[in-house]
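The values are calculated or read from the model by the stated rules, or taken from the named source; none is laboratory data. From a predicted model like this one, the values you see are computed outputs, not experimental measurements. As a convention, Cβ positions derive from the backbone with ideal geometry for all residues, glycine included, and neighbour counts pool all protein chains shown. What goes into the accessible areas is simple: the full protein's heavy atoms, side chains included, and nothing from ligands, DNA or RNA. Shrake-Rupley method; radii C 1.70, N 1.55, O 1.52, S 1.80 Å.
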Amino acid sequence: MSRYPSLAPYESTAATAKLRSQLERVRGRMRDKAVLDQAVAKLATRENIRPCEAAERLAGMAQYSGLEPDEVARRVQAPPVPDLPLPDVGEWVKPMLETFHDSASYSCPVKDSFGRVVDFFVVAVNSHCKTPDGRIGEELKGQRLLTISPGVAASGLLDEYITAFETGVPFHRALMEHVEIIGERLWPSTMSVRAARVADGLLLSWCVLDDKDMLVSGWRRAQDAVGLGWGEWNLATRQAIWTHQMYEVFGRDTGAGPVALEDIPAMVLPEDLPVLDDVIDSLLEARESIETEFRIQHRYGVRHVSVVAEPLLDTVGVPVKLRFLVQDVTRVRRRERAEARAQERAVRQQERAEEEHRVVDHLQNTILPVGRGVRRLPGLAVAVRYLPAEDLAWLGGDWYKARAVPDGRALLVIGDAMGHGLTAAGIMLQMRAGLAGLAYTGAPAHQLALWLNTLLTGTNEGVTVTGTAIIGHFDAKNRTFAWTNAGHPNPLRVRDGHAELLEGSRGPLLGVFDAEYELTTTRLEPGDVLLFYTDGVVERRGEDLDTGVRTLIQAVQACVAEDPDELIDCVLERLGGDHMEDDVCLLAARVL
């Protein structure tokens, strides 16, 4: 009884059914091809024409009849076998064929009405002749080659035979995949073929690989595919056997022969000699197999070699041979090193980004302490909210200022230093600190913007430093807001639940030369709310700025809140404030 579980429960799985269906389609295509190829051979033999001409004629028959080519092919009848005496080719042919170790035949050319060779007629075979499908020699005599082997037409072998006969140049194809056609069945085999003109006939010899040969051939192809080399050292005779791939791994010419076992240490890098010592000790002293890796000096530089080695012992346990299976894994190690370096760089960049984030976050929390709740300024109730970006790389230079100035007015400012990270935080600090001092002059907003612009251009020589800002003063006596725009989105005014952009002239960015700014005065009413915001509130990937502003207006109008702090909370919730790509700042001021 088998110790393995039955596979029956798994036969009805979807994967099995899919595979069966795929295999059946492939086999169906194979059968159709066999039918077509065999029909071409039959038609070529019957009409005494070349296979390519028979294929064209078969295609024409299918087109004329309106049937599928395989249906027409199945109706093609095989020609009758002529009962013709074998031509006398001389007594020397049979002994010559018997000298071949492989299957061999001698054939005479078959010509069409124009004198062209279209096929061959088998007149003699050696005693051990055998076709890929198992037919023996005597069955083949007296038949045409296309009748015996329809596959020679589809594989192109017949054309090669004709060329070899007509030119006298021998033909040889080693280890070719040949597909024979038996009935409606394809019969693939791996074989080598030779053809040469001898006297007035064609000498053919072929060898079909059996299962053992196929395994050896497959193993050789596998070695070549993955770069495996095999070598054996006879400890008694000091002789060594290497496969050709072994020479490639060690960078040695085949003409020089294998490296002696005692000369291998000279090829190994000094740092890896202890590894080689361990290999030899394991094989000769411990008499056990070992798997390891060391580096060798190759003619094309240092190579990493993976080794699996085993000793062959005699009846008393003495090592008599050593066998090595080696593989050049230099590319693998090089790729691993590259991946490790890339990973290390990524970790360092992440650490730098996190450190920068901590510094910027500390700067912003120190400079822009945002406490929840409403602050009172002359004639205003003010609330502010700053939200850093989710992505550390987008942490930027948003800033605000809301305070009373000595003349009794309220200074309301929101700005954005261009860029992200420490650079933006530094510019933000410079703009905010500079404006804080300039505001005590009592100058109007457009003059403050001009002075701030001069400050940025004059103190950052050789570096482009820019930013945007809305700067304004609210006068509680007449409820007016005198403001200027330095390249920033205009604020919103909310009145009786309706939100709209304030109309005003938009000046250039801060940090540009020869800038001029205009002052706009907006009259407000009790209950009006001014909403200031940075670009992170209205900018969305894949959307233009106007769309973002309309979305903000819709969110503001959907929020019914007299308290400015509650209004900001509502707007951020509707805009998805917890998942903003950029950092954002909102300042809401309600007229009392």
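Of the residues T468, T441, the single one that is surrounded by fewer than 22 Cβ atoms within 10 Å (Cβ to Cβ) and hydroxyl-bearing (S, T, Y) is T441.
Between L84, L67, which is at pLDDT below 90 and open to solvent by 100 Å² or more (accessible area, probe 1.4 Å)? Outline the logic, then answer.
On the way: L67 fails: open to solvent by 100 Å² or more (accessible area, probe 1.4 Å).
Just a single option satisfies the conditions, and that option is L84.
Restricting attention to the range 444-464, which residues are open to solvent by 10 Å² or more (accessible area, probe 1.4 Å) and touching a helix residue (DSSP H, G or I) at 6+ places or on another chain (Cβ under 6 Å)? Outline the logic, then answer.
The first filter runs over the range 444-464 and keeps only residues open to solvent by 10 Å² or more (accessible area, probe 1.4 Å), leaving 444, 446-447, 450-451, 454-455, 457-464.
Hits for the range 444-464 are W451, L455.
Please find, within the range 491-507, the residue that is nearest to L552 (Cα to Cα) out of those that are free of Cβ contacts under 8 Å to residues at least 40 places away in the same chain and open to solvent by 20 Å² or more (accessible area, probe 1.4 Å). That would be R493. Annotation: of all residues in the range 158-178 being open to solvent by less than 60 Å² (accessible area, probe 1.4 Å) and not in a loop (DSSP other than H, G, I, E, B), the one that is farthest from C108 (Cα to Cα) is M176.
Inside the range 520-571, can you point out the residues that are in a loop (DSSP other than H, G, I, E, B), under 23 Å from F474 (Cβ atoms), open to solvent by less than 70 Å² (accessible area, probe 1.4 Å) and in contact (Cβ under 8 Å) with a residue 12 or more places away in the chain? Walk me through how you get there before you give the answer.
To start, the set of residues in the range 520-571 that are in a loop (DSSP other than H, G, I, E, B) comprises 524-528, 534, 539-544, 558-563.
Filter once more, so that each one left must be under 23 Å from F474 (Cβ atoms): 524-528, 534, 559, 561-563.
Applying the additional criterion that residues be open to solvent by less than 70 Å² (accessible area, probe 1.4 Å) yields 524, 527-528, 534, 559, 561, 563.
Scanning the range 520-571 gives L524, G527, D528, T534, C559, D563.
Residues of the range 272-281 include none that is within 25 Å of R220 (Cα to Cα), in contact with a strand residue (DSSP E or B) (Cβ under 8 Å, 6 or more places away or on another chain) and either surrounded by 14 or more Cβ atoms within 10 Å (Cβ to Cβ) or of a type in the set (G, A, S) (or both). Annotation: of all residues in the range 476-485 being more than 24 Å from P508 (Cα to Cα) and out of contact with any Lys or Arg (no Cβ under 7 Å at 6 or more places or on another chain), the one that is least open to solvent (accessible area, probe 1.4 Å) is A476.
Can you spot a residue in the range 293-307 that is at pLDDT below 90, part of a strand (DSSP E or B) and open to solvent by less than 80 Å² (accessible area, probe 1.4 Å)? Yes: one or more hits. Within the set H473, H488, the sole residue that is open to solvent by less than 60 Å² (accessible area, probe 1.4 Å) and touching a Lys or Arg at 6+ places or on another chain (Cβ under 6 Å) turns out to be H473.
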